[in-house]
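Single-structure report; data block below.
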Amino acid sequence: MTHKNIHKVAILGAGVMGAQIAAHCANAGIPVLLYDLAAKEGDPNAIVNKALAGLKKLKPAPLGSPQAIQLIEPVNYDHHLERLSEADLVIEAVAERMDIKKAVYDNVEDHVAKDALFTTNTSGLSITELATVLPDSLQHKFCGVHFFNPPRYMHLVELIPTKDTEQAVLDRLEAFLTTTLGKGVVVAKDTPNFIANRIGVFSIISTMYHGQRLGIPFETIDALTGVLIGRPKSATFRTADVVGLDTLAHTITTMDNGLPDDPWQNYYQQPDWMATLIEKGQLGQKSGRGVYWKKGRDILVLDPETGDYREQNAQVDEDVLAIMKKANPQERLHKLQALKNNKQAQFLWSIFRDLFHYCAYQLADIADTARDIDLAIRWGFGYSHGPFETWQSGGWEQVTALIEQDIQSGHTMANVTLPNWVSEIKGAHQPRGSYSAADGIFKPRSEAAVYQRQLFPDSLLGETVNYGDTIFEDDDIRMWHQGDGIAIVSFKTKKHIISDGVLKGLRKATQLAEQDYKGLVIWQTEEPFTLGANLAPAAQAVASGQVTQVEALVNEFQQTSQALRFCGVPVVIATRGMVLGGGCEFSMHADAVVAAFESYIGLVEAGVGLLPAGGGLKEIARRTAKDTFGNDLYPMLEHYFKAVAMATVAGSAAEAQDIGFLDSHSEVVFNPHEILYVAKAKANYLADKGYRPPVEEQSIKVAGAPAIANLEMLLANMLEGHMISEHDYAIAKRIAIVLAGGYVEAGSRVSEQYLLDLERHYFIELIQMPKTLQRIEHTLKTGKPLRN
Amino acid sequence: MKPVYIVEAVRTAVGKAPRGMFSKTRPDDLLARCLNEIIGRNPDFDPQDIGDVVIGCAMPEAEQGMNVARIATLLAGLPESVPAMTINRFCSSGVQAVAIAAQQIATGQMKAAIAGGTESMSMVPMMGHKVTMNPKVFEDDHVGIAYGMGITAEKVAEQWEVSREDQDKFAYQSHQKAIKAIENGWFDDEIIDYEITHQYPNPDNPTEPIVKTHVADTDEGPRADTSEAVLNKLRTVFRTDGSVTAGNSSQMSDGAGALLLVDEDTLKKYNMTPIAMFHGFSVAGVPPEIMGIGPIRAIPKVLKQTGVKLDDIEWIELNEAFAAQSLAVIREVGLNPDVVNPNGGAIALGHPLGATGAIRSATAIHGLRRTGGKYGLVTMCIGTGMGAAGLFEVL
C-alpha cells in the first residue's frame, strides 16, 4: 500500500450525504467524480446534476464558495465507469441496503485503481457484513467512513475498519480526513450505530423515557436539555425534528435488531407518538412539522396525549436553574440528585446517570477508549463535554457511588451492575491517557504524524494542557511561547472582545516580539477569534459627554493596528470562528493570516451604527489602490463599500477571500486545530526569507468626490426603495466618504494617517448620534442588531 | 413644409438581455443588417441620395460608441459619401431620429434619409460601463436624477394609485397579445431575419473553433406560460413594500430598427410606393422622479401641433417601460385601451432603449396597414423626466 496523497475522490451515489461529502471535498480543493445512475431519458448525468443544483440551495451551505462546485464532475455508471480508476479514494454512499451496495461493488470492482482506498459511508449497516459481499480484491483496502450530516459542519468522522483492513489504509484515510478535510477522526468498532449514534441516540431514548415517566412536556425537556446542560440549542426534540423522525426511528430499529442481548434492549423502541407522526408523514423539519410545527409566526409543540399541537409553555424550575447556572460544576450532579422532590432535578439526574451507566457498560465493546466516546459525542452531537468527562467533573468516585446506589434500588433503566473497572480507576481521563476497558489500561493520544500538526487538540477534562511559558500576562491578554522562538498572543477576555487592555497588551507584545522573538502569532485558545471591540466604554464616555476620551480610544485602536502592520518581526494572525469588526481589521494589518476554513470574517460596525475605525477602511482604500493597477478605482471600491455598508460576514474563509477581507495569499487551513502549527510555520518562513516590515505609505491614490456621489446614488435608491433607513444612509454615506478619501479630486494622493484621521472623524460623528447609541445599547443588551 | 413619406420600416427581432440570442451580436452589426435590407429592397434607388443616416442609441459607448451610426452605415456597404450621426434622448432616441430625419426632408434640406435606432443592453448596461453621478445632484433638489427607473415607477404607482393587481393584469395581457401576434404572423412584415454566428472553443482542435449559426426571426421576450397568478408571486425589486416587479416592468433587450424617409420628388424619381407619412413629433419635460408620466405632456402637445384628434388615432404604441406608468398614462390622458399596444408592449416584447422608437414605429405602421387604420402614435416616457410622441399616417 502506497502512502501517496489523495488527489482525487470518487463518490458513488449523489444522495443527500454523497453530494454534500462531494461538496466538502470540493471546498478543500479536491476534484471529485460524483457518480449516480444514468438517467433513462435526456441528459445521462441528470440525477447528479439535479443533486448539484440542490447543493446551491441547501442551508446551511455545503459549499464554502460558489466556485467550488466546478471541482465536482457529474458522471454515471453507464458511461464513465472506466474513469473510476482516476480516484485515489472511493466513497460509496448509495442507499442503505445490502443488495444495492453489493450490486454497486460488483459493478465497480474492476475499475478501482490498484492503490486506491475503497470506503463506505454507512450509518446503519455492519461494515463486517458489507465486507462479506465485497469482492476479494477490495477487502484489504476497505473500511467504513461515517460522516455526520451536514458533513461540512459536523466535525466527526468515524472510521470503522474490518479485520482485513490494512493499517496503511487507515493511516492514509485518517491523515486525509484530518488535514485535508479538517475532520475529527474517531476509530470505532463495528457495532450497531458505531459510537456517536449509539451513545447519542441512547441519550435521546433515555431523555424521552424519563421525560415521559416524570410527565415533563416536550418544550420543557428541550429547555432543560439544551445549552443549560452544555448541549446544542436544539436540545432533544428540535434535534430529532432536524435529523428527521424517520431517520431517528431507523437508528433505534438498528439497535433493536442488532443488540438482542443488550440489557437496555427493551428501550430500543420508538415511542407511540413518534410512530403516529411518522405514519402521518410528519417527519420534522423536512416535512414542515414533527414534534414542532412552525405555523405562521408561532412555533407550536405536539401534545403526545392528544396528538394535537398547542402553544409552547416551557418552564424551567428556579432551583434547577440556580444549580445549573451558579453551582460549581463539581457539585451540580450531587445537588440535582439530592433534590428528591423536584421532578426536573430528578429528570436531569436520571438522564445523566443512565447515560453514564450505559457508556460504562458499553465502552469495552464499542470503542477503544473513553476518549473516543467523549470526542465522538462532542463532535457528532455537539455536546460541550462527553459523558465520561461530565461524570469525572462531579468527582468520579462520588458519582459512581450514587449510580451504584440507584442500580441497587432499581431506579436505573437497566439493572446490570457497573463494570468492575469503574471502581478500580479514579477517572476515565488521566494525564497519562484515557481508559480502555477492552485492554484494561490507560492509552495516550495517537502519536501519528497527522496529530503532530495539532499543537492543541480538543482537550478533555482530566487531561493536562501545557500552554507554554508566559512572557507576560494580565487580566486581558497573555503573551507566551513554546520555546521555538515564535511568540504567541492570546486574548483572555470574554468572547475575546477587544478591550482597552487587549489593545495595550498587543502593543506591548509587538515591542517584546521585536526584541526577543522571530515572529508573533495571534491565536486564541478556543473560538471565536473575537466578536470585535468592546463598545460599552465608548458609549458610556459619549453619554457622559467625554468625546475627546472616545477619540483617544479610537486613536489607540488605530495605532494598535498600525503596530501590528509595522512590527519589526512578522505578525501572523490565526483565525477560527467569528472574526468580527476589530478582529477583521487586525487581520487586514497582519503580514499573513492563517484562517481555518470555518472562519467567519466581516466588518460589522454598520450594524451598531458605526464604521470600521481601527484601520479597516484605510486598509480597503490602500488595497484598492494597489490591486487596481492604476485603473479605475471605483468598481472595486463599490464592491468593498457594499460589503462594509451591509455588515457582510463571510460564510467561510473561501468566501472571505472572494469578498477581499482575506487577501488571496492568506492561508486557508481545513482543520481548526492545525492553524497554530501553520501560523508558526508561516511566521518562520517570513522571518527566514529576510523579513522587512512595510513602510507607512504616503501616496495612496483615492477615488475622491466622484466616487462618493456614485455610492450616494446607490444609497438614494435604496432609501427610496425602503430598503434602508435614514440612519443606514447616514452611516453608509460616511463609510463612502472614508473609502473615497474624502471630498477630494479623483486620483488625489493621501497618506495612511490621513485615511485614519478620516475614519476617526466620521466614527466620532456617528457615535454621537442618538440612533447609533440606541443601536449600541440594544446590541449590548440583546446581542442582536437593531434597525432604526 | 413638404410632406415626408416613409417607404420602408424594418427591424430585427428583439432578443433578451443580457443572456439572450443577440447577447454576443454587436449592435452595429444589427443596425447594418437593417440598413442593408432597406437598400436591398430598393435596387433602383441611388443611396447617394441619402442626405443623412440618423440613429438613436441610449448608451452610445463601447460596442455602440464611436458614432455607431457611421460605423454601421459603412459596414452596410453604403457609399462613403453618405453621412451618419448618432443621437441620444434615451428611450425616445429611435423616434427622435425619425423626427430629425423628417424635419430635414420637410424643410427641403434633404431628399431622403434613413432614421433608426440600435441598442445592445447585453453589451452596454443601463447607465453604461462607468457610472458617474455629478456630486451636485445630492446638494439640492436634484436627487430625482439619481433615482433608478424602478423607483420612478414606484412613485408613479403611488401617486396615480395603480395597484399591483392592475399592473400584473396589464403585464399578463401584454404577453398574451404578443404571443397572439407572433402566432398569427403579425410581425412578419416588419421583422427581418438575422443570421447569428457563434464561435465556441473546440477542445479537440483549439485552432478551429466550433462555429454554429442560427437564424433569429422571432421576438424572444413574450412568454406563453405566464399567468396573473405567476406574476402576482414575484417579489418587488425596487422597493421592498412597493408594487413594481421584474414581471410588470419592461425587459432588457437587444435589437435594431430603421426606416427610409423620402420627399415626393424622390418617390416619383424611383417610382417608390410609400407605406406611411410622418406628421409630427413633440417632447416635453416632467419631474425626473416621476419620469414615467412623460407621455401625458407629449401626447396632447403632438395632437395640438398636428391637429389630429385623439379619437382618430387607431393604433398607439405606448412604450411599456412599466405597467405602472403605462396605466397612469392611459388613465390620465384617456387613451382607449383597445388601441394601445394591440400586439403587446415592452413588458413582453422587450425594450432595447434607443432602438425602441424605431422598432415600434415599424410595428405601428405595419399594424395599421394590416388592420386598415389610418393614424398611429408612437409615444414613450424618458429617463430624467421627459415624454415623446410621434404621429404617423398610414397610406
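The values are calculated or read from the model by the stated rules, or taken from the named source; none is laboratory data. As the structure is a computational prediction, the values presented were derived from the model and not from experiment. Using ideal geometry, Cβ is built from the backbone for each residue, glycine included, and neighbour counts are taken over all protein chains shown.
Key figures for this structure:
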read-out	value
Qualifying helices (runs of 4 or more DSSP H) (wholly inside the stretch B:304-395; at least 2 residues being under 19 Å from residue B:102 (Cα atoms))	B:353-371
Residue in the stretch A:626-643 that is modelled with pLDDT of 95 or more, within 28 Å of residue A:525 (Cβ to Cβ), under 31 Å from the mean Cα position of the chain (by Cα) and among the small types (Gly, Ala, Ser) present	no
Residue under evaluation residue A:749, criteria (1) within 15 Å of residue A:635 (Cα to Cα); (2) away from chain B (no Cβ under 11 Å), criterion not met	(1)
Top-ranked residue of the stretch A:740-787 - restricted to ones that are surrounded by fewer than 16 Cβ atoms within 10 Å (Cβ to Cβ) and of a type in the set (S, T, N, Q), ranked as farthest from residue A:616 (Cα to Cα)	A:782
Sole residue being buried (at least 18 other Cβ atoms within 10 Å of the Cβ) and more than 22 Å from residue A:117 (Cβ to Cβ), chosen from A:63, A:84, A:58	A:63
Criterion violated by residue B:153 - all others in (1) touching a strand residue (DSSP E or B) at 6+ places or on another chain (Cβ under 7 Å); (2) within 14 Å of chain A (Cβ to nearest Cβ); (3) surrounded by fewer than 20 Cβ atoms within 10 Å (Cβ to Cβ) satisfied	(3)
Odd one out for residue A:377 among (1) out of contact with any helix residue (DSSP H, G or I) (no Cβ under 7 Å at 6 or more places or on another chain); (2) aliphatic (A, V, I, L, M); (3) surrounded by 24 or more Cβ atoms within 10 Å (Cβ to Cβ)	(1)
Test set (1) within 14 Å of another protein chain (Cβ to nearest Cβ); (2) closer than 19 Å to residue B:173 by Cβ; (3) among the basic types (Lys, Arg) - residue B:233 fails condition number	(1)
Count - residues of the stretch A:36-85 that are among the hydrophobic types (A, V, I, L, M, F, W, C) and more than 34 Å from the chain's Cα centre (by Cα)	3
Lone qualifier among B:126, B:133 - being within 21 Å of residue B:325 (Cβ to Cβ), assigned to a loop (DSSP other than H, G, I, E, B) and within 14 Å of another protein chain (Cβ to nearest Cβ)	B:126
Checklist (1) facing another protein chain (nearest Cβ under 9 Å); (2) over 38 Å from the mean Cα position of the chain (by Cα) applied to residue A:712, failing item	(2)
Test: residue in the stretch B:198-217 that is loosely packed, with under 12 Cβ neighbours inside 10 Å and part of a helix (DSSP H, G or I)	no
Selection within the stretch A:573-594 - under 16 Å from residue A:509 (Cα atoms) and in a loop (DSSP other than H, G, I, E, B)	A:590, A:591
Filter pass, residue A:536 being surrounded by fewer than 19 Cβ atoms within 10 Å (Cβ to Cβ) and either touching a Gly at 6+ places or on another chain (Cβ under 7 Å) or touching a residue at least 60 places away in the same chain (Cβ under 8 Å) (or both)	yes
Per-region count, the stretch A:643-654, residues touching a helix residue (DSSP H, G or I) at 6+ places or on another chain (Cβ under 6 Å), in contact (Cβ under 8 Å) with a residue 60 or more places away in the chain and surrounded by fewer than 24 Cβ atoms within 10 Å (Cβ to Cβ)	1
Residue list for the stretch A:443-477, filter: in contact (Cβ under 8 Å) with a residue 24 or more places away in the chain and more than 23 Å from the chain's Cα centre (by Cα)	A:443, A:448, A:449, A:462, A:464, A:471, A:472, A:474, A:475, A:476, A:477
Selected residue [surrounded by fewer than 20 Cβ atoms within 10 Å (Cβ to Cβ), basic (Lys, Arg), closer than 16 Å to residue A:118 by Cβ and modelled with pLDDT under 95] from A:40, A:8, A:4	A:4
Extreme residue, farthest from residue A:751 (Cα to Cα), among residues of the stretch A:593-641 that are charged (D, E, K, R) and away from chain B (no Cβ under 14 Å)	A:598
Filtered residues of the stretch A:399-430 (kept if outside any loop (DSSP other than H, G, I, E, B), surrounded by fewer than 15 Cβ atoms within 10 Å (Cβ to Cβ) and not small (Gly, Ala, Ser))	A:405, A:408, A:424
Scope the stretch B:62-73; condition over 13 Å from residue B:114 (Cβ atoms) and either of a type in the set (A, V, I, L, M) or in contact with a helix residue (DSSP H, G or I) (Cβ under 7 Å, 6 or more places away or on another chain) (or both); matching residues	B:62, B:63, B:64, B:66, B:68, B:71
Any hit, the stretch A:129-137, residues being touching a residue at least 40 places away in the same chain (Cβ under 8 Å), farther than 30 Å from residue A:256 by Cβ and not assigned by TED's automatic domain parsing to the domain that holds residue A:258	no
Identity of the residue in the stretch A:718-746, free of Cβ contacts under 8 Å to residues at least 12 places away in the same chain, assigned to a helix (DSSP H, G or I) and within 12 Å of another protein chain (Cβ to nearest Cβ), that ends up farthest from the chain's Cα centre (by Cα)	A:720
Some residue of the stretch B:257-277 being more than 14 Å from chain A (Cβ to nearest Cβ), under 20 Å from residue B:19 (Cα atoms) and buried (at least 16 other Cβ atoms within 10 Å of the Cβ)	no
For residue B:144: the one exception among (1) away from chain A (no Cβ under 14 Å); (2) touching a residue at least 40 places away in the same chain (Cβ under 8 Å); (3) assigned to a helix (DSSP H, G or I)	(1)
Unique match (being under 19 Å from residue A:4 (Cβ atoms) and at pLDDT 95 or above) among A:86, A:92	A:86
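One line per residue, one yes/no per condition, for (1) surrounded by fewer than 24 Cβ atoms within 10 Å (Cβ to Cβ); (2) in contact (Cβ under 8 Å) with a residue 12 or more places away in the chain; (3) in a helix (DSSP H, G or I):
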{"site": "A:613", "(1), (2), (3)": "no, yes, no"}
{"site": "A:620", "(1), (2), (3)": "no, yes, yes"}
{"site": "A:639", "(1), (2), (3)": "yes, yes, yes"}
{"site": "A:656", "(1), (2), (3)": "no, yes, yes"}
{"site": "A:676", "(1), (2), (3)": "no, yes, yes"}
{"site": "A:693", "(1), (2), (3)": "yes, yes, no"}
{"site": "A:709", "(1), (2), (3)": "yes, no, yes"}
{"site": "A:712", "(1), (2), (3)": "yes, yes, yes"}
